[in-house]
Each structure stands twice: as structure tokens, then as C-alpha cells.
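Trainee: This is the structure I want to talk about, given as C-alpha cells.
The values are calculated or read from the model by the stated rules, or taken from the named source; none is laboratory data. Here the structure is a predicted model, which means the values were calculated and not measured. Backbone-built Cβ (ideal geometry, glycine too); neighbour counts: all protein chains shown. Accessible surface is based on the protein model in full, side chains and every heavy atom, while ligands, DNA and RNA are left aside. Shrake-Rupley method; radii C 1.70, N 1.55, O 1.52, S 1.80 Å.
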Amino acid sequence: MAFRQSFSFITAKELATLLKTPGKRKEIAVVDVRDDDYQGGHIKGCIHSPSLKFLDGGIEDVREKTKDTPTVVFHCFLSQIRGPKAARIYAESTDEVRQRGGDAPIPQEVYVLRGGFTEFQTFFKDDEDLVEDYDPAYWSREVDTF
């Protein structure tokens, strides 16, 4: 059995370009699976689905909210564990629902934001079209903990 990656990666700059392209924003759903680390800012208009609740009904909520969206981008703080795991589970379970003839979203491209919100905010924290609720004090505190 061959391994098939159920998602691809997208960079912060690629995502920002898509989100700023007229008419494209409604074709992209950004799913933020951060838990307590959601504070400090997020991508404008994202769907917040904490990873701790993702398998406990959260995935169905995300599937319902993204059912008409051709591109779904998952991320967490660094997109090393939670973001990729949520993207994989979402893509694979959605394919299973579709194969069983269930009520699955339209065919979608599933991505993980490379570098997570940490990298995204490095480039775009001052862009109000892309980031909302940004708190510089949170990020200076977080940087000190690494």
C-alpha cells in the first residue's frame, strides 16, 4: 500500500497573496486549531476549532462550515503537530464520508500553513486585512519562553 499525503503545505506569503486576491477570499477557509495559544491574534475570518475538541465534534463543525469552500488551510502555533494532524484527519475522514455517499463537502484542496501563525504574524501582524486581535505583548512574552 502506497502512502499518499492527504494535504500539501502553503507558505505564509502564498496564503496572504491568495487572501488578498479579489474574489479569492471566499474560496479559502482558514482553520486555526490552536488551544490556549489562540490568544494574541489570528488570521482574519478564520474558523477557530481548538485541537483539544477537534475529534469531539469539532471536525463535524469544521466540515459544515467549509462544505462549499474549495480550499481549506489548517494551522496551529508552528504547524508542526496539531495543524498537520487536524488537516490529515479532516482530509481522510472527509474522503471516507464522500466514498460512503455521505454529506461531504465539495472536492477540496487541503493545506497546512508552513510555520503556523508564528511565521504568518512575523510577516503580516500589521496588516489589518490579514490579522486581527494582534497583541504585541503576547508575542514578546512568547518569544522570551523559547
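Trainee: Checking the condition more than 15 Å from residue 130 (Cα to Cα), at pLDDT below 95 and not small (Gly, Ala, Ser), which residue from 56, 35 passes?
Mentor: From the options 56, 35, the qualifying one is 56.
Trainee: For the range 71-90, check the following and say yes or no: at least one residue is without any contact (Cβ under 8 Å) to a residue 12 or more places away in the chain, within 16 Å of the chain's Cα centre (by Cα) and surrounded by fewer than 16 Cβ atoms within 10 Å (Cβ to Cβ).
Mentor: yes
Trainee: For residue 38, all conditions in the list (1) without any contact (Cβ under 8 Å) to a residue 24 or more places away in the chain; (2) hydroxyl-bearing (Ser, Thr, Tyr); (3) open to solvent by less than 20 Å² (accessible area, probe 1.4 Å) hold save one; what is the number of the exception?
Mentor: With (1) without any contact (Cβ under 8 Å) to a residue 24 or more places away in the chain; (2) hydroxyl-bearing (Ser, Thr, Tyr); (3) open to solvent by less than 20 Å² (accessible area, probe 1.4 Å) applied to residue 38, the lone miss is (3).
Trainee: Further question: Just one of 128, 64 is acidic (Asp, Glu) and part of a loop (DSSP other than H, G, I, E, B); which is it?
Mentor: That would be 128, the only listed residue that is acidic (Asp, Glu) and part of a loop (DSSP other than H, G, I, E, B).
Trainee: Residues being surrounded by 13 or more Cβ atoms within 10 Å (Cβ to Cβ), in a loop (DSSP other than H, G, I, E, B) and not β-branched (Val, Ile, Thr): count how many of those fall in the range 1-23.
Mentor: Looking only at that region, the number is 2.
Trainee: Let me ask something else. Using beta carbons and a limit of 6 Å, which pairs, at least six apart or on different chains, have the first residue in the range 9-26 and closer than 21 Å to residue 82 by Cβ and the second one assigned to a helix (DSSP H, G or I) and open to solvent by 80 Å² or more (accessible area, probe 1.4 Å)?
Mentor: Partner pairs satisfying both residue conditions: 12/123.
Trainee: Let me ask another. Quick check on my filter: what residues within the range 47-70 are under 10 Å from the mean Cα position of the chain (by Cα) and buried (at least 18 other Cβ atoms within 10 Å of the Cβ)?
Mentor: 47, 49
Trainee: Quick check on the range 131-146: of everything there that is loosely packed, with under 11 Cβ neighbours inside 10 Å and assigned to a helix (DSSP H, G or I), which residue is modelled with the highest pLDDT?
Mentor: Ranking the qualifying residues of the range 131-146, first place goes to 137.
Trainee: Considering the range 24-35 alone, what residues qualify as being surrounded by fewer than 20 Cβ atoms within 10 Å (Cβ to Cβ) and in contact with a strand residue (DSSP E or B) (Cβ under 9 Å, 6 or more places away or on another chain)?
Mentor: 24, 27
Trainee: Here's a follow-up. Take the conditions modelled with pLDDT under 95 and of a type in the set (S, T, N, Q) and apply them to residue 121. Does it pass?
Mentor: Considered against the rule, which asks whether it is modelled with pLDDT under 95 and of a type in the set (S, T, N, Q), residue 121 comes out as no.
Trainee: Return the residues of the range 93-146 that are under 21 Å from residue 54 (Cβ atoms), β-branched (Val, Ile, Thr) and touching a residue at least 40 places away in the same chain (Cβ under 8 Å); say none if nothing qualifies.
Mentor: Correct list: 110, 112, 118.
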